[in-house]
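Peer 1: One structure is given below, represented as structure tokens, and several questions about it will come after.
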Amino acid sequence: MQKQYLMTPGPTPVPAEVLLAQARPMIHHRTPDFSAILMEAVAGLKVIFQTQASDVLIFSCSGTGAMESAFANCFCAGDTVIVARNGKFGDRMVQIAKVYGLSVVDLSYEWTETVKPADIERALAENPAARSVVVVQSETSSGVLNDVEAIGAIVRERHDCVFIVDSITGIGAVPCKTDEWGLDVVMTGSQKGLMLPPGLAALTVSPKAWKAYERSTLPKYYFDWMKYKKNLEKETTPFTPPVSLIIGLTEAIRMMLDEGIENIIERHSTLAEATRRGCEALGMKLFAPPEGRGSAVTPVWVPDGIDGKAIVKIMKNKYGVTIAGGQDDYAGRIFRVGHLGYFGPFDIITTLAALEMTLAELGYDFERGSGIKAAEAVFMGEDR
Ligand SMILES: *Cc1c(COP(=O)(O)O)cnc(C)c1O
């Protein structure tokens with residue numbers, strides 16, 4: 001037997017309480033029993049998304065389904081949308097927009113850069129007909145955190161332009177204030193900060209986004225937002241929902257609300273800081289820029305002369321610690337430690353210890369123990 005540690009930014013570890021809730025015998029979804037569970041889940045998600053003004057809709061799909069639904073429900077073919085991207089999931093937003101025949105104003109950045117609010121302001125001035133600004137808050141591929149609060153303040157001034165935010169690894173890790181920041185559509189996925197298995201996604205729809213919906217003519221059926229809203233008014237779902245996942249979701253929400261949103265964000269901030277300090281103490285460089293580091297995942301440059309894919313492989317095969325490699329251009333050049341959701345200090349200590357043993361095996365020159373020592377200092381409050 002080898003004990004396993006899942007240190008990736010999705011899927012993430014699922015607490016035993018949630019797994020047990022999901023193991024309950026199946027119930028029928030057209031029953032008062034399920035309605036009560038569904039309404040508890042929706043009410044809890046509203047707290048987590050920090051919204052009262054928006055509707056929260058739940059879908060059976062991974063996060064990408066929610067991303068696609070945002071385009072299908074807000075636009076007409078030929079509409080102009082401004083997509084700011086600095087990673088793989090921003091790239092996906094552009095791909096989906098193009099599939100739906102939208103005219104994309106493509107604000108492309110390096111993966112090591114943040115999206116600049118001033119560029120959004122300029123793009124809106126140059127494209128007064130733009131119907132949307134689309135930004136990934138927490139870029140999982142790069143660990144970069146984009147300032148959706150500042151961008152929200154800009155887009156909010158435009159009455160027929162909706163702000164679509166992928167917060168799939170933002171929710172449950174970093175502040176994401178849907179109402180206060182003027183975010184019209186905010187999405188997340190179950191296998192990230194919600195501490196659930198994959199298969200469920202949720203998003204918020206603001207009154208402004210509903211106006212975009214009323215105007216939109218793009219084809220939609222399974223992901224037609226209005227079907228979900230109408231059915232939710234009757235405390236049910238348009239189609240068979242992922243019953244067990246929604247039962248698990250109510251349990252995860254109970255755990256999250258018990259801890260409190262502010263405390264969850266503080267915990268993630270500490271986990272991220274310890275991971276960063278640990279890796280820097282080992283002489284490695286962080287990938288994300290200091291002004292835009294999220295708390296969901298820590299990407300780190302692989303040291304010169306070391307095989308990045310071997311780091312991931314040895315950590316998994318020899319020590320049972322699964323971390324993520326780099327994606328696209330950064331495959332083999334960076335590795336990523338996820339700490340989003342059900343994580344505590346010893347997950348980080350364990351990972352840094354496995355990383356040290358792996359780096360030692362690969363012939364990297366560093367002081368053994370310095371990574372975990374730096375992380376311990378953060379957890380002990382000596383270093384902040
Ligand atoms: C995980 C993730 C998604 C969605 O990916 P799925 O595999 O469809 O769940 C989208 N955006 C970001 C930033 C993500 O981390």
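Peer 1: Give me the number: length gained by fully extending residue 224 to residue 254, i.e. 0.36 nm times residue separation minus the C-alpha to C-alpha distance, one decimal in nm.
Peer 2: So the chain would gain 7.9 nm between residue 224 and residue 254.
Peer 1: Computed over the Cα atoms, what is the radius of gyration of the stretch 69-152 divided by 2.2 N^0.38 Å, N being its residue count?
Peer 2: Normalised by 2.2 N^0.38 Å, the Cα Rg of the stretch 69-152 equals 1.02.
Peer 1: Peptides 99-106, 290-297, 4-11: what's the order by average Cβ count within 10 Å, highest mean first?
Peer 2: 290-297, 4-11, 99-106
Peer 1: Can you tell me which of 63-75, 118-130, 163-175 comes out highest on packing, and rank the rest after it, using the mean Cβ neighbours within 10 Å?
Peer 2: Result, highest mean first: 163-175, 63-75, 118-130.
Peer 1: Which length gain, in nm to one decimal place, applies between residue 160 and residue 127 when the Cα-Cα distance is subtracted from 0.36 nm times their residue separation?
Peer 2: So the chain would gain 10.6 nm between residue 160 and residue 127.
Peer 1: Something else about it: Going by amide H atoms built from the backbone, whose H comes under 5 Å of the H on residue 162, apart from near neighbours?
Peer 2: Residues meeting the amide H criterion: 132, 133.
Peer 1: Going down the table (3/309; 46/318; 220/316; 116/230; 88/234; 177/373), which pairs top 30 Å between alpha carbons?
Peer 2: 46/318; 220/316; 116/230; 88/234; 177/373, as the Cα separations exceed 30 Å there.
Peer 1: Looking at the P(r) of the chain, how many percent of alpha-carbon pairs lie beyond 25 Å?
Peer 2: Tail of P(r) above 25 Å: 55 percent of Cα pairs.
Peer 1: Okay, moving on. Once whole DSSP H runs in the chain are found, which of them have Cα atoms spread over 18 Å or more along the helix axis and a mean Kyte-Doolittle score of at least 0.5?
Peer 2: 32-48, 243-259, 345-361
Peer 1: What's the extension gain from residue 331 to residue 365 if we count 0.36 nm per residue and subtract their Cα-Cα distance?
Peer 2: Fully extending the segment from residue 331 to residue 365 adds 10.0 nm.
Peer 1: Here's a follow-up. Would you mind putting 359-370, 181-192 in packing order, based on average other-beta-carbon counts within 10 Å, highest first?
Peer 2: Sorting 359-370, 181-192 by mean packing, highest first, produces 181-192, 359-370.
Peer 1: Taking the solvent-accessible surface of protein heavy atoms with a 1.4 Å probe, what is the per residue accessible area of the chain in Å²?
Peer 2: Per-residue value: 40 Å².
Peer 1: Would you mind telling me the share, in percent, of accessible area of the stretch 16-258 contributed by carbon and sulfur at probe 1.4 angstrom?
Peer 2: 54 percent
The values are calculated or read from the model by the stated rules, or taken from the named source; none is laboratory data. This one's a predicted model, so the numbers in the text were calculated from it and none came from an experiment. Neighbour counts are summed over all protein chains in view; Cβ atoms, including those assigned to glycine, are modelled from backbone coordinates with ideal geometry. Just so you know, the surface numbers come from the protein's heavy atoms only, side chains and all, with ligands and any DNA or RNA stripped out. Shrake-Rupley method; radii C 1.70, N 1.55, O 1.52, S 1.80 Å.
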